[in-house]
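Any read-out appearing in this document is the output of simple, stated calculations on the displayed coordinates, not a laboratory observation. What you see is a predicted model, and the numbers here were worked out from it, not measured in a lab. Ideal geometry is used to build each Cβ from the backbone, glycine not excepted, and the neighbour counts take in all protein chains shown.
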Amino acid sequence: MHLTSNKLPSVEALTSLFGCPHCKGASLHWSFPVSVRSLPDDGSATCSGCKRSYSLQNGILDFLAGTQQLEVITPFQRLMQFPPVIAIYEKYWRPLGFFVASSSSFRQFSTHLIKRVDPQKRRTILDLACGPGVFACPMAAQTSGWVIGFDLSLPMLQQARKKADLNKLRNILFVRGSALSLPFRNDALDAVLCTGALHLFDRPEAGLAEIARTLSREGHLVCQTTLKPRHWAGLVSFLERVIRFGFFASIEDLNEKLRLAGIQVERQWSRRIIHAFQARRL
Ligand SMILES: C[S@@+](CC[C@H](N)C(=O)[O-])C[C@H]1O[C@@H](n2cnc3c(N)ncnc32)[C@H](O)[C@@H]1O
Ligand SMILES: [Zn+2]
């Protein structure tokens with residue numbers, strides 16, 4: 001997974017994607033010249049509208065530090081910030097959870113999903129709720145554009161940063177923020193991948209509206225989420241009410257929410273309660 005420096009996309013192409021998540025769209029002023037050849041590890045971006053300043057530290061741009069929490073953080077989202085979970089997430093938690101939910105291999109599924117994103121053809125890919133970089137890093141190795149790994153959890157992003165550094169990936173930026181208020185301009189992104197997360201957002205509809213706002217007209221959304229199991233009512237109710245691990249009631253329910261957000265499904269696949277789809281803006 002090595003990208004040579006002469007293939008690095010321009011820093012300006014990356015910084016121009018961002019807009020303030022608070023005053024939607026207002027541009028950001030960067031603490032370094034955007035004409036630099038490679039993205040610095042440290043710096044800041046300041047909003048030209050509300051003057052809020054967002055820090056870039058150790059390769060992670062943080063839109064949440066020091067800001068008032070605008071959404072409910074659910075118990076499952078808290079679990080995703082717990083170091084022992086992060087330590088076992090990529091090797092054990094994700095493949096095992098996926099196998100239990102779908103009776104199929106996570107490795108094969110993730111290769112297939114990355115093909116659907118088609119990284120070689122994209123200049124800007126957002127991995128929304130990227131966790132420890134399970135998809136973001138292989139996608140960065142396959143594109144000469146930018147990958148943005150975005151998540152609510154700082155410890156997840158720190159793990160993802162380590163993985164990217166280990167693989168000498170320089171065309172990837174990690175960003176901490178909320179999926180319900182994305183720090184990107186309208187129409188900025190070529191592709192959005194969102195795996196294992198849409199059902200965890202406190203308000204999935206708000207997340208879908210943000211995807212529709214920031215995805216370009218030609219862009220694609222590739223997504224994997226979960227459908228409500230027909231059995232184990234007790235366990236499902238525990239997961240939904242206590243841990244706040246969500247499910248979409250059915251494919252129809254999900255597709256209606258997508259339609260209301262202005263997103264049209266082009267292809268879809270299901271294995272037991274795992275559901276994946278490729279879509280674009282209406
Ligand atoms: C189960 S992990 C999925 C990680 C990775 N996409 C994968 O497929 O393995 C869910 C991730 O969603 C993130 N997440 C949950 N709610 C979020 C939100 N509102 N905004 C951004 N990230 C969120 C969590 O922090 C966690 O890293
Ligand atoms: Zn602002």
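Once you have a ≥ b ≥ c as the square roots of the Cα gyration tensor eigenvalues for region 87-214, tell me rounded if a/c is under 1.5, and otherwise prolate or oblate according to whether a/b is larger than b/c. The shape class here is rounded. In the chain, taking the dipole from charged Cβ atoms about the Cα centre, the farthest positive-side position among Ser103, Val192, Pro75 is held by Ser103. For region 59-281, rounded, prolate or oblate, judged on the Cα gyration tensor with a ≥ b ≥ c (square roots of eigenvalues), a/c < 1.5 rounded, else prolate if a/b > b/c? Taking the square roots of the gyration eigenvalues as a ≥ b ≥ c, region 59-281 is rounded. Taking packing as the residue-averaged number of other Cβ atoms within 10 angstrom, the listed peptides 148-156, 241-249, 265-273 run from highest to lowest as 148-156, 241-249, 265-273.
Please figure out what share of the DSSP beta bridges in the chain is antiparallel and state it in percent, rounded to the nearest 5. It would help to have the intermediate numbers written out before the result.
Values: 25 of 48 bridges.
Beta bridges within the chain, antiparallel portion: roughly 50 percent.
Dividing the mean sequence gap of close Cα pairs (under 8 Å, 6+ apart) by how many residues region 59-281 holds gives a relative contact order of 20 percent. The charge dipole of the chain, taken about its Cα centre with unit charges on the Cβ of Lys, Arg, Asp and Glu (plus for the first two, minus for the last two), comes to roughly 460 debye. With R₀ set to 30 Å, the beta-carbon distance separating Thr46 from Ala87 gives a calculated FRET efficiency near 0.30. Of the residues Phe201, Leu180, Ala87, the one whose Cα sits farthest towards the positive end of the charge dipole of the chain is Ala87 (charges of +1 on Lys and Arg Cβ, -1 on Asp and Glu Cβ, taken about the Cα centre). Straight-line cross-link partners of Lys24 among the lysines, defined as a Cα under 19 Å from its Cα and at least 8 positions apart when in the same chain: Lys51. Only one residue of Thr46, Asn167, Pro33 has its Cα farthest out toward the positive end of the dipole of the chain, where Lys and Arg carry +1 and Asp and Glu -1 on Cβ, and that residue is Asn167.
Candidate cross-link partners of Lys257 among the lysines, defined by an alpha-carbon separation under 18 Å and a same-chain spacing of 8 or more, comprise Lys228.
Label separation (His231 vs Lys121): 4.0 nm, computed from points 7 Å beyond Cα along the C-beta direction.
Straight-line reach from Lys162: taking Cα to Cα under 27 Å and skipping same-chain neighbours fewer than 8 places apart, the lysines in range are Lys7, Lys91, Lys115, Lys121.
Each part gets one Cα centre, and for region 221-277 versus region 15-32 those centres are 32 Å apart.
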